[in-house]
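Trainee: Take this structure first; my questions come after.
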Amino acid sequence: MTAFDEMRLGARARQPYEAYEDWFNQQDAGRLNEKSLDAERVFRRTGITFAVYGDTEAAERLIPFDIVPRIISGKEWRRLVQGIEQRVQALNAFLDDIYHRQEILRAGRIPKEIIAGNEAFLPEMIGVRPPGGVYTHIIGVDIVRTEENEFFVLEDNARTPSGVSYMLENRETMMQLFPELFQKIKVLPVENYPQLLRESLGAVRPKGCEGKPTIAVLTPGSFNSAYFEHAFLADQMGVELVEGQDLRVIDGRVAMRTTQGYKPIDVLYRRVDDDFLDPLTFRPDSALGVPGIMDVYRAGNIAIANAPGTGIADDKAIYSYMPEIVEFYTGRKAILQNVPTWRCAEADSLAYVLEHLEELVVKEVHGSGGYGMLVGPAASKKEREAFAQKLKARPANYIAQPTLSLSTCPILTDGGLAPRHVDLRPFVLVSDRIRIVPGGLTRVALKEGSLVVNSSQGGGTKDTWVLDD
Amino acid sequence: MPGTLLMLLGRAANGLYWMSRYIERAENMARLVDTGQRLALTQTSSPADEWASVMTSAGVRDAFEQCYDEYDARSVSDFLLRDLSNSSSVMASMETARMNARMVRTSLTREVWESINEAWMALRRMLTRPIDERDMPSVLDAIKRETALIRGAFQGTMLRNEIFDFAQIGTLMERADNTARILDVKYYILLPSATWVGSSLDNHQWQLILRSVSAHRSYRWNYEGDYQPGNIAHYLILNRRMPRSLAFCYRGICDSLEFLTEEYGTRHKSLDRAGAKLSKLKTATVGDIFDEGLHEFLSEFIRDNAELGNQIAADYRFYE
């Protein structure tokens, strides 16, 4: 099957790419390759690296960056924004409902078992209403495209989505490398994301907080794979970057140890998983969290973004019910489509999936980062057979989806432009209102024909342009 | 009031302090190896003894002797420059400095962070394989150049606030410790009681001391050429204009501690301790120090300096 290419339609450039192509055709190939190397040097120098789990050799790696931008027209973007806004409202309404009255279960729109038996559902959050009533404040919605007008949501990342620093650094790098391009083509800015994030976090400060809220970013520490991003965001927002060891609960508040003693925090943007957040409530062996923070939270004396327990909203088993969820809470059909999904827990579906393994992508319900998944068409017979065994052993652990023909966007190779599959993760901020910067993280599978865009599996990134048209 | 808006984590202050100490240490190690190399090039009675005293100055003699049986240029420079099991080697120091810099990334300007990151990348490239003797001068130059670039970025771009002060204190504490150790290893040749007749060997030793603190040229500008033990001791201990002297270091440490006291509005014990040391360095003469005993004076200094470090860590909540 031939994939939809976002740049070219036959011999012509698609409209959003026209101006870029004009420019590109005037460039000298040698100079562009030189620019690619410049970009890599910039990334190395600034230390934008990530760690790959299980890879001790290259403890710090760069995510490859491609200098050809992924371009989206203003019109395409506005439609995406509508769909995204609807979706994140539904996600927050769902979370509020599921931790309170559970109307959606009573209405029989989704089965009770899927919540009750789900590890991502936190009983500790039942009856807790976070400051501002917001549960998932920062969401990365993974979107793929298959046709001119066909967009699908592949995943809602409602816990602690990462990658926004790449969106910002990619733009910064492109502006350094090709300042003339930005004069020629009107690209909407993304640089104000940290400021919007700060505003958005400040707007959900706890009721008792007077004056300017004290905000901090909680990181697991400098050995975490996304540490660069944690430091980057704290820096850009002008707030403290804290670790669990800096925090303790004093007089009913969460406070950080400064050189002048303990100072209370109002809003915590945490990049530590639920399990590790509070050893008194969750994993007792966690040294990354703050003992007692959940008590402070329940008392309404700190805002935590994202709230504990938001994982139930982006769980892959729940994902398949998103069309129902969106309709239930917004009263309208979902603007953005879901990818058709087979829940292997259901006997009929399992039988179908086992029969059609060579056409399907099978994912672990709780997995992420492209680990533990099977891309049927790309797998060998042996791999599929091995996977079928795992599937039969624990069917409820898996969902399956058709292999979508993801759109392509060209990357610069030694032989010139060559199409590669891409996805898109826009970043959405929810608090007093919804804020979305025009852009996102475009991930690209660098291997020809590959559909796996995850950075841990050989994916790269591109700057994402939304045109001001 | 300036400084009240900003809050600095105790852990970050600790990170800044150690980041600077380790950058300073990397540079000092390179200088010690340089000195040792020079000495090995000139025929002295016992190169092994000289290397042994270099190791003592570096504070790693025991660790070295556990790993190696003999002192030779190769193993010594390997140990001081590349060996990651020696936590004070140039490479290990740069690793630790960078790790701390990464931890306090949000407190540093982009220029400072990048200079540290680039130094780390450059040194890692140079120091992964054993260094060919012919390349040694250029490697040592590169280490000194990289640390100089970091210092330049730091001095040129950092706002003078508490972040600057904690880093500055780290640099100066490490430097004072280093100067005191170098002197202490060679104290006996500075003693007036030793029968000093200005033999060429003594001359050489004195040059060695000066060179290891990069002061062999500036000394001549200040003391008109003669290598007098009293003058050398004065230069490295009491001269307030010599950037590696104990008096200079303590002047800077006290300045920073005073700024912190002003900004925070709280006076801690560490300023009293550092202040007492500084006033001693201001008023003492070389004669006083020789009367007290140079070795005794230096040992006490090294011990007090370490205690001051602990006091600062406690005063400013470096740890829980």
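Trainee: Of the accessible area of chain B, with the probe set at 1.4 angstrom, what percent is carbon plus sulfur?
Mentor: Numbers: 6890 of 13940 Å².
Summing carbon and sulfur atoms, their accessible area is 49 percent of the total for chain B.
Trainee: Counting DSSP beta bridges with both partners in the protein assembly as shown, what percentage is antiparallel, nearest 5?
Mentor: Numbers: 50 of 68 bridges.
Of those bridges, close to 75 percent are antiparallel.
Trainee: For chain B, with a Gaussian network of springs between Cα atoms less than 10 Å apart, report the residue from B:235, B:250, B:264 with the top mean-square fluctuation.
Mentor: B:264
Trainee: Cα atoms only: what Rg and Dmax, in Å, come out for chain B?
Mentor: Just the Cα atoms of chain B yield Rg and Dmax of 19.7, 62 Å.
Trainee: Now, a different point. Just the ratio, please: alpha-carbon radius of gyration of chain A over 2.2 N^0.38 Å, N its number of residues. Provide the component values of the computation, followed by the final result.
Mentor: Values: Rg = 22.4 Å, N = 469, 2.2 N^0.38 = 22.8 Å.
That ratio works out to 0.99.
Trainee: Residue B:38 to residue B:266: FRET efficiency via 1/(1 + (r/R0)^6), r the Cβ-Cβ distance, R0 41 Å, to the nearest 0.05?
Mentor: Numbers: r = 48 Å, r/R0 = 1.16.
The formula returns an efficiency of 0.30 here.
Trainee: Taking the alpha-carbon set of the range A:1-150, what are its Rg and Dmax in Å?
Mentor: Rg then Dmax for the range A:1-150, in Å: 22.8, 64.
Trainee: While we're looking at this one, here's another question. Taking H placed 1.01 Å from N in the peptide plane, check which residues at least 5 places from residue A:466 or on another chain put their amide H under 5 Å from its amide H.
Mentor: Amide H to amide H, under 5 Å and 5 or more residues apart or across chains, residue A:466 pairs with A:72, A:188.
Trainee: Could you calculate the FRET efficiency of residue B:288 with residue A:263 from 1/(1 + (r/R0)^6), where r is the beta carbon distance between them and R0 is 60 Å, rounded to 0.05?
Mentor: Working: r = 46 Å, r/R0 = 0.76.
Given R0 = 60 Å and the Cβ-Cβ separation, E is 0.85.
Trainee: Something else now. So, how do all the Cα-to-Cα distances of the range B:88-147 break down into 5 Å bins, in percent, from 0 on up?
Mentor: 4, 18, 28, 23, 14, 7, 4, 2, 0
Trainee: Next question. What are the equivalent ellipsoid semi-axes of the range B:203-320, built from the alpha-carbon gyration tensor (square roots of five times its eigenvalues), in whole angstrom, biggest first?
Mentor: Working: eigenvalues 186, 43, 33 Å².
Equivalent-ellipsoid dimensions as semi-axes: 30, 15, 13 Å.
Trainee: Run a plain Debye calculation on the protein assembly as shown (Cα atoms as equal point scatterers, no solvent) and give log10 I(q)/I(0) at q = 0.04, 0.09 Å⁻¹, rounded to two decimals, same order as the q list.
Mentor: The computed values of log10 I(q)/I(0) come out as -0.22, -0.94.
Trainee: Please state, to two decimals, what the Cα-based radius of gyration of the range A:311-469 comes to when divided by 2.2 N^0.38 Å (N = residues). Working shown, then result.
Mentor: Numbers: Rg = 17.7 Å, N = 159, 2.2 N^0.38 = 15.1 Å.
Working it through for the range A:311-469, the quotient is 1.17.
Trainee: For a quick check of your reading of the filter: which trypsin sites (Lys or Arg not before Pro) in the range A:348-441 sit in a DSSP loop and have no more than 13 other Cβ atoms within 10 Å? List each step's numbers first, then the result.
Mentor: Working: sites: A:363, A:381, A:382, A:384, A:390, A:392, A:420, A:433, A:435; in loops: A:433.
For trypsin sites (Lys or Arg not before Pro) across the range A:348-441 that sit outside H, G, I, E and B with at most 13 neighbouring Cβ atoms in 10 Å, the list reads A:433.
Trainee: Sticking with this structure for a sec: Note down the magnitude of the dipole of the protein assembly as shown about its Cα centre, charges +1 on Lys and Arg C-beta and -1 on Asp and Glu C-beta and zero elsewhere, to the nearest 20 debye. Mind showing how you got there, number by number?
Mentor: On the way: 92 positive and 108 negative charges, 226 e Å.
The dipole of the protein assembly as shown has a size of about 1080 debye.
Trainee: Now a separate question. Using the charge dipole of the protein assembly as shown (Lys, Arg: +1 at Cβ; Asp, Glu: -1 at Cβ; taken about the Cα centre), state which of A:237, B:86, A:353 has its Cα farthest towards the positive end.
Mentor: The one lying farthest along the dipole's positive direction is A:237.
Trainee: Among B:290, B:130, B:23, which residue has its Cα positioned farthest towards the positive end of the charge dipole of chain B, with +1 placed on the Cβ of Lys and Arg, -1 on the Cβ of Asp and Glu, and the dipole taken about the Cα centre?
Mentor: With unit charges placed on the Cβ atoms, the residue in question is B:23.
Trainee: If each of residue B:221 and residue B:74 carries a label point 7 Å out from its Cα toward its Cβ, how far apart are those two points in nm?
Mentor: Going from the residue B:221 label point to the residue B:74 one covers 4.1 nm.
Trainee: Across the residues of A:225-235, average count of Cβ atoms on other protein chains within 10 Å? Walk me through the numbers on the way to the answer.
Mentor: Details: counts 0, 0, 3, 2, 0, 2, 8, 2, 1, 2, 6.
Mean inter-chain Cβ contacts per residue within 10 Å come to 2.
Trainee: When only Cα pairs under 8 Å and 6 or more residues apart are kept, what is the percent relative contact order across the range A:234-369? Before the final figure, lay out the partial values.
Mentor: On the way: 146 pairs, mean separation 21.7, N = 136.
About 16 percent, as a whole number.
Trainee: If the cut-off is 30 Å between C-alpha atoms, which lysines fall inside it for residue A:212, apart from same-chain ones fewer than 8 positions away?
Mentor: A:263
Trainee: Starting from the Cα of residue B:300, step 7 Å along the direction of its Cβ; do the same at residue A:199; then give the gap between the two resulting points in nm.
Mentor: Once both label points are built, they end up 6.3 nm from each other.
Trainee: With each label point set 7 Å from Cα along the Cα-Cβ vector, what nm distance links residue B:313 and residue A:457?
Mentor: Between residue B:313 and residue A:457, the label points sit 4.6 nm apart.
Trainee: While we're looking at this one, here's another question. Search the structure for amide H atoms under 5 Å from the amide H of residue A:218, placed 1.01 Å from N in the peptide plane, and list their residues when 5 or more places away or on another chain.
Mentor: Sorted by chain and number, the residues that satisfy this are A:242, A:269, A:270, A:271.
Trainee: Enumerate the calculated ³J(HN,Hα) couplings along the range B:158-171 in order (Karplus 6.51 cos²θ - 1.76 cosθ + 1.60, θ = phi - 60°), each rounded to whole Hz, writing x wherever the residue is Gly or Pro.
Mentor: 7, 4, 7, 9, 4, 4, 4, 4, 5, 5, 4, 4, x, 4
Trainee: Going by accessible area, probe 1.4 Å, with all protein chains left in place, what is the ranking of B:70, A:243, largest first?
Mentor: Values: B:70 130, A:243 20 Å².
Most to least solvent-accessible, the answer reads B:70, A:243.
Trainee: Projecting each Cα onto the charge dipole of the range A:374-439 (Lys/Arg +1, Asp/Glu -1 at the beta carbon, about the Cα centre), which of A:388, A:408, A:439 comes out farthest on the positive side?
Mentor: Of the listed residues, the answer is A:388.
Trainee: Could you report the buried accessible area between A and B, both sides summed, computed with a 1.4 Å probe and given in Å² to the nearest 100?
Mentor: Numbers: alone 20720 and 15270 Å², together 33360 Å².
Looking at A and B, the buried total is near 2600 Å².
Trainee: Kirkwood hydrodynamic radius for the range A:119-261: how many Å is it when counted over pairs of different Cα atoms?
Mentor: Numbers: mean 1/r = 0.0544 Å⁻¹.
In the range A:119-261 this quantity evaluates to 18.4 Å.
Trainee: Students often get this wrong, so check it: of A:112/A:447; A:316/A:447; A:333/A:382; A:112/A:333; A:112/A:392, which have C-alpha atoms separated by over 31 Å?
Mentor: On the way: A:112/A:447 42 Å; A:316/A:447 26 Å; A:333/A:382 41 Å; A:112/A:333 23 Å; A:112/A:392 23 Å.
Violating the 31 Å Cα-Cα cut-off are A:112/A:447; A:333/A:382.
Trainee: Taking amide H positions as placed 1.01 Å from N in the peptide plane, with prolines and chain starts having none, which residues 5 or more places from residue A:337, or on another chain, fall under 5 Å of its amide H?
Mentor: The list, which skips near neighbours in sequence, is A:151, A:153.
Trainee: Continuing with this model, one more query. ³J(HN,Hα) across the range A:130-142 via Karplus (A = 6.51, B = -1.76, C = 1.60, θ = phi - 60°), whole Hz, x for Gly/Pro?
Mentor: x, x, x, x, 9, 9, 10, 8, 10, 10, x, 9, 7
Trainee: Once ligands and nucleic acids are excluded and a 1.4 Å probe is used, how much of residue A:344 is accessible, expressed in Å² to the nearest 10?
Mentor: 0
Trainee: What Kirkwood hydrodynamic radius do you get for the range A:91-186 when you take the inverse of the mean 1/r over all pairs of distinct Cα atoms, in Å?
Mentor: Numbers: mean 1/r = 0.0585 Å⁻¹.
Here the Kirkwood hydrodynamic radius works out to 17.1 Å.
Trainee: Please work out the Cα center distance from the range A:333-366 to the range A:161-175, rounded to the nearest Å.
Mentor: If we compute the Cα centre of each part, the gap is 33 Å.
Trainee: Let me ask something else. Which of the lysines could be linked to residue A:186 by a straight reach, that is with a Cα gap under 22 Å, when you skip same-chain ones fewer than 8 residues away?
Mentor: A:35, A:75, A:462
The values are calculated or read from the model by the stated rules, or taken from the named source; none is laboratory data. Since this is a predicted model, take the numbers as computed values, not measurements. So basically every Cβ, Gly included, is an ideal-geometry build from the backbone, and we count neighbours across all protein chains shown. The protein model used for the area step is the full one, side chains on, heavy atoms only, and it has no ligands, DNA or RNA in it. Shrake-Rupley method; radii C 1.70, N 1.55, O 1.52, S 1.80 Å.
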